[in-house]
Amino acid sequence: MQTSRCIWVSSAFLFLVPLACALAQSPEVSPQPITSRGTHDYRLRLYNTHTAERIDVVYRRDDTYIPEALAKLDYFLRDHRTGDVRHFDPRLYDILSDLIASVGHPGGEIDIVCGYRTLSTNESLRAHTTGVAKNSLHIQAEAIDLRMPGVDTLKLRKAALALARGGVGYYPHSNFIHVDVGRIRQWCFDCPANLVSGD
């Protein structure tokens, strides 16, 4: 527990000391800072294309992630085949928030094509479909596949590449992009040559 450094000087300053104590506390002490003028909320609106569930949640306030909101997002992005839940890297949510803002739709709803995958689900997909990586970051809850109603997926891809915050995959025939928090890289699955490099 953090030890208070406040000193009670005299009774004349009693009303000032609690305020000084509060200001001295580290931001990590309280997971949900008191909302005040100037506070910035980061909100996500998501639709799960497999479960037909929707979520509208403020997941971050200023520089502080909200644990209860992250838990709701973890469940929302669960492996829908097995029901397994894994904690997601919250930097992914920042990528989604910045991505929709960069295409001119801040607060817009995102369609989630794939969130977390168990190892068994990933192996099953690899056996029955193409374009699934053996060591997919979906298994680590560090990747999300998505599209956005009313926004061209190629435009989403270009915006994600411009963010330069991790990997970006483009699947034009399935009409979605992949974003992750791994190393910066890109790929285009079954694309014409002019799209492979991100043009």
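Rule-based calculations on the coordinates, nothing more; no lab input. All values derive from a computational prediction rather than experimental measurement. Cβ coordinates were reconstructed from backbone atoms using ideal geometry, including for glycine residues, and neighbour counts include every protein chain displayed.
Structure values in brief
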{"quantity": "3J(HN,Hα) from dihedral phi, the range 81-97, Karplus parametrisation 6.51/-1.76/1.60, rounded to Hz, x for glycine, proline", "calculated": "7, 10, x, 5, 10, 9, 6, 7, 5, x, 4, 4, 5, 5, 4, 4, 4"}
{"quantity": "Listed peptides 92-102, 127-137 by packing density, highest first (mean Cβ within 10 Å)", "calculated": "92-102, 127-137"}
{"quantity": "Packing-based exposure ordering (other Cβ within 10 Å, fewest first) of His87, His80", "calculated": "His87, His80"}
{"quantity": "For the range 39-196: relative contact order, % (alpha-carbon pairs under 8 angstrom, 6 or more apart)", "calculated": "18"}
{"quantity": "Local electrostatic count, Ala133, Cβ distance below 14 Å [Lys/Arg +1, Asp/Glu -1]", "calculated": "+1"}
{"quantity": "Residues Ala101 and Arg183, FRET efficiency given R0 of 22 Å [Cβ-Cβ distance, rounded to 0.05]", "calculated": "0.40"}
{"quantity": "Label-point separation, Val58 to Ala164 (7 Å along Cα→Cβ), nm", "calculated": "3.3"}
{"quantity": "Two-site label geometry, Thr49 and Asp84: point separation in nm, points 7 Å out along Cα→Cβ", "calculated": "2.3"}
{"quantity": "Candidate lysines for bridging to Lys72, where Cα separation is under 22 Å - those fewer than 8 sequence places away on the same chain excluded", "calculated": "none"}
{"quantity": "5 angstrom amide H check on Val181, placed H, neighbours 5+ away", "calculated": "Gly167"}
{"quantity": "Estimated FRET transfer efficiency (Asp41, His173; beta-carbon r; R0 22 Å; 0.05)", "calculated": "0.05"}
{"quantity": "Unit charges at the beta carbon, dipole of the range 39-196: most positive-side option, Val151, Tyr75, Tyr93", "calculated": "Val151"}
{"quantity": "Per-residue ³J(HN,Hα) for the range 56-67, Karplus 6.51 cos²θ - 1.76 cosθ + 1.60, θ = phi - 60°, Hz, x for Gly and Pro", "calculated": "10, 8, 8, 9, 8, 10, 6, 9, 10, 6, 9, x"}
{"quantity": "Prolate/oblate/rounded label for the range 39-196 (Cα gyration tensor, a/c 1.5)", "calculated": "oblate"}
{"quantity": "Gln140-Ser120 pseudo-label distance in nm [points 7 Å out on the Cα-to-Cβ vector]", "calculated": "2.4"}
